[in-house]
1. Sort out for me the helices (runs of 4 or more DSSP H) sitting completely within region 135-225 that have 2 or more residues that are assigned by TED's automatic domain parsing to the domain that holds M266, of a type in the set (G, A, S) and out of contact with any Lys or Arg (no Cβ under 6 Å at 6 or more places or on another chain).
2. Given S47, S25, S5, S53, which one is of a type in the set (S, T, Y) and more than 16 Å from ligand 1 (Cβ to nearest atom)?
3. Only one of V65, V70, V106, V31 is at pLDDT below 95 and among the aliphatic types (A, V, I, L, M); which?
4. Checking V65 against (1) within 25 Å of T157 (Cβ to Cβ); (2) in contact with a Phe, Trp or Tyr (Cβ under 9 Å, 6 or more places away or on another chain); (3) among the β-branched types (V, I, T), which single condition isn't satisfied?
5. Inspect region 117-133 for any residue being more than 16 Å from ligand 1 (Cβ to nearest atom), outside any helix (DSSP H, G or I), under 19 Å from the mean Cα position of the chain (by Cα) and aliphatic (A, V, I, L, M) and give the result as yes or no.
6. Run K2 past the list (1) over 22 Å from K132 (Cβ atoms); (2) out of contact with any Gly (no Cβ under 9 Å at 6 or more places or on another chain) and report the number of the one that doesn't hold.
Amino acid sequence: MKYFSSVKDLGNLHLALQEAKELKSNRFKYVELGKNKTLLMVFFNSSLRTRLSTQKAAMNLGMNVIVLDVNQGAWKLETERGVVMDGDKSEHLLEAIPVMGCYCDVIGVRSFAGLKDRDYDYAETVYNQFVKFSGRPVFAMETATVHPLQAFADLITIEEYKEVKRPKVVLTWAPHPKALPQAVPNSFAEWMNAADVDFVITHPHGYELDPSFVGNALVEYDQQKAMEGADFVYAKNWSCPGVSKLEDYGQVLSKDMNWTIDEKHMAWTNNAHFMHCLPVRRNMIVSDNVIEGPRSLVIPEAANREISATVVLKRILEDM
Ligand code: AN0
Ligand code: CP
């Protein structure tokens, strides 16, 4: 594997899940594989889980790791071509990327959505420049529109905790004070469509996700109806994807707290497990009782980020 941004990059998903299970029981098995290989992790915004879990995964494989926080200590980077650089940005991404490629063997990129220009975000302008100009294998650590390491970890978690062969999984929008990207719900939807689950998406009108990610999922606007009989409830906020109304892209259209997941909501389900990628705002997205409750999987999901990253880095190293 040279690039990782989609479930398709893994090929047979069943085999990838098996590999994840094996690596989880022996995560240092391939500690020789990454010897004298360097991972560069580039962050254009904040991170707790991705930073730590991906670094740990690289260490499991014996790699060296360099982390660059572009907004803290590096030159401010221009990302658009053709700009007269007379402002606060000292360097262009088009020089910075090949330079970064000189110092490492693999690059992880967290580029994040600007949420201003839908076409710019959905063209994955920043991530694709790393693919094109770094000369290195590149993987997504949450780009403008996808977060595949999270979705992979979420699927590993569902596999571990499911109590029926084909569980019902519900992705529900929940309120948040600030505009957030669609990367997490996009990838979650993409991965659930590829997995052996019944998948339902629920959100207020106007929050329709891009059809390329929704795929064959059932979209149900009535949150209660959607959640009835659910085995897993995956809550997440996202800003307007601009599908039905382009000018609303990146806007907060609703802060309706009736969508906040509390015990009343969970009572509609089949004693569902609660999931969220974290970081989460309590009592906006989910009540204290639900996130602290016995059915909450937020910590196991975060723990499985180490596993999903180990599988991805192992496959990249094996292909070098
Ligand atoms: C980010 C998001 O919603 O995409 C990161 C989640 C992994 N969340 C925040 O910025 C709060
Ligand atoms: N879930 C996740 O990717 O968290 P961070 O933003 O802290 O990396």
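1. Values: elements: 148-161, 183-194, 211-214.
Per the criteria, 183-194.
2. Working: S47 fails: more than 16 Å from ligand 1 (Cβ to nearest atom); S5 fails: more than 16 Å from ligand 1 (Cβ to nearest atom); S53 fails: more than 16 Å from ligand 1 (Cβ to nearest atom).
None of the other options fit; the residue is S25.
3. Values: V65 fails: at pLDDT below 95; V106 fails: at pLDDT below 95; V31 fails: at pLDDT below 95.
None of the others qualify; the one that does is V70.
4. Condition (2) is where V65 drops out.
5. Yes, region 117-133 contains a residue that is more than 16 Å from ligand 1 (Cβ to nearest atom), outside any helix (DSSP H, G or I), under 19 Å from the mean Cα position of the chain (by Cα) and aliphatic (A, V, I, L, M).
6. Going through the list (1) over 22 Å from K132 (Cβ atoms); (2) out of contact with any Gly (no Cβ under 9 Å at 6 or more places or on another chain), K2 breaks only (1).
Condition check ((1) assigned to a helix (DSSP H, G or I); (2) of a type outside the set (V, I, T); (3) within 24 Å of the chain's Cα centre (by Cα)) across all residues:
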{"site": "K8", "(1), (2), (3)": "yes, yes, yes"}
{"site": "L17", "(1), (2), (3)": "yes, yes, yes"}
{"site": "K24", "(1), (2), (3)": "yes, yes, yes"}
{"site": "K35", "(1), (2), (3)": "no, yes, no"}
{"site": "M41", "(1), (2), (3)": "no, yes, yes"}
{"site": "V65", "(1), (2), (3)": "no, no, yes"}
{"site": "G73", "(1), (2), (3)": "no, yes, no"}
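Quick grid of which residues meet (1) farther than 20 Å from P181 by Cβ; (2) away from ligand 2 (no atom under 16 Å from the Cβ); (3) aromatic (F, W, Y):
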{"residue": "V65", "(1), (2), (3)": "yes, no, no"}
{"residue": "A74", "(1), (2), (3)": "yes, yes, no"}
{"residue": "E80", "(1), (2), (3)": "no, yes, no"}
{"residue": "H92", "(1), (2), (3)": "yes, yes, no"}
{"residue": "V106", "(1), (2), (3)": "yes, yes, no"}
{"residue": "V109", "(1), (2), (3)": "no, no, no"}
{"residue": "R118", "(1), (2), (3)": "no, yes, no"}
{"residue": "F133", "(1), (2), (3)": "yes, yes, yes"}
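The values are calculated or read from the model by the stated rules, or taken from the named source; none is laboratory data. Remember, it's a predicted structure, so these values are computed and weren't measured experimentally. Positions of Cβ are backbone-derived with ideal geometry, glycine not excepted, and every protein chain shown enters the neighbour counts.
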